[in-house]
1. Would you mind calculating the relative contact order of the chain from Cα pairs under 8 angstrom and at least 6 residues apart, reporting the percent as a whole number?
2. Give me the one-decimal nm value for the distance between modelled label points at residue 195 and residue 54, 7 Å along each residue's Cα-to-Cβ direction.
3. Show me the three semi-axes of the equivalent ellipsoid for the range 3-195, from the C-alpha gyration tensor (sqrt of 5 times each eigenvalue), largest first, rounded to whole Å.
4. Mind counting lysine pairs for me in the chain? Cα separation below 26 Å, and the two need to be 8 or more apart along the chain or on different chains.
5. As I understand it, the dipole of the range 111-158 uses +1 on the Cβ of Lys and Arg and -1 on the Cβ of Asp and Glu, about the Cα centre. Which of 134, 120, 153 lies farthest toward its positive end?
6. HN-Hα J couplings of the range 63-77 from phi, Karplus 6.51/-1.76/1.60, θ = phi - 60°, integer Hz, Gly and Pro as x?
7. Residues of the range 109-127 with amide nitrogen under 19 Å from the 7 Å Cα-to-Cβ point of residue 12?
8. Kirkwood Rh over alpha-carbon pairs of the range 86-179, then Stokes-Einstein at 37 °C and 0.692 mPa s: what D in µm² s⁻¹, rounded to an integer?
Amino acid sequence: MAEYHLTSPLSEEDVRKLKIGDTVYLSGNAFTCRSRLQRYIFDEGNTLPFDTSDRNILIHNGPIVIKENGSWRLVSFMPTSSIRFEKWGEKSVKEWGLRMIVGKTTMGEQTAQAMKEMGCVHVSPRSVSPNLWIDSITVEDVYLFDELGSIEAAWFFKINELGPFIVDIDSEGNNYFDRLDESIAESKKNALEQLGIGEEFKFTKLY
């Protein structure tokens, strides 16, 4: 497993070399997205009011940002669970030209297939450290603030060595968490066999 320090906008070559389990740190341009933005664009037929070619890293995140002395200040930042946005994952990758999605956990089969086709990966935080990352992020701009509200708006970030993240879906469609589930299931089976506990075993229900 390798470690990479990448700068957005990412090239297809940048992401094709990444494998599940690799560690990445990110610099350059990125933008945030949650469900309301994707519904606004893909379900309600509105046009994305900015170009993603120079910031093809999407972060599933609803940051807490306040305005002080005419400037935006980031108060708290932590990627949110990406599987919640699987409905729009394929469209996001293809129509927005994404090379990387940053979010907790993973995404589904349709998004993974689009990533394989287009050259894109999904990465997850290696830690829960919302306030430790603030110094790595500068808020540059915001779009659709009035339409969607602060949490759901599209925030433009300039990031500097943001990470570490683990590659959990690579551009070949491999899924780190699927493999982890398989490993856990095998370990559980072996543990039950060693303890002499049958497969019919059920955990105790308190209620």
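Values in this text are rule-based calculations from the coordinates and carry no lab data. On a predicted model such as this, the values are computed, not experimentally measured, just so you know. Note that each Cβ is placed from the backbone with ideal geometry, even for glycine, and that neighbours are counted across all protein chains shown.
1. 26 percent
2. If labels sit at residue 195 and residue 54, their model points lie 5.7 nm apart.
3. Values: eigenvalues 169, 70, 55 Å².
Equivalent-ellipsoid dimensions as semi-axes: 29, 19, 17 Å.
4. Taking the chain as the scope, the lysine pair count is 27.
5. Of the candidates, 120 comes out farthest on the positive side.
6. Going residue by residue, I get x, 9, 10, 10, 9, 10, 6, x, 10, 7, 10, 6, 9, 8, 9 Hz, with x marking Gly and Pro.
7. Only 111-122 pass the distance filter.
8. Working: Rh = 14.5 Å.
Calculated translational D: 226 µm²/s.
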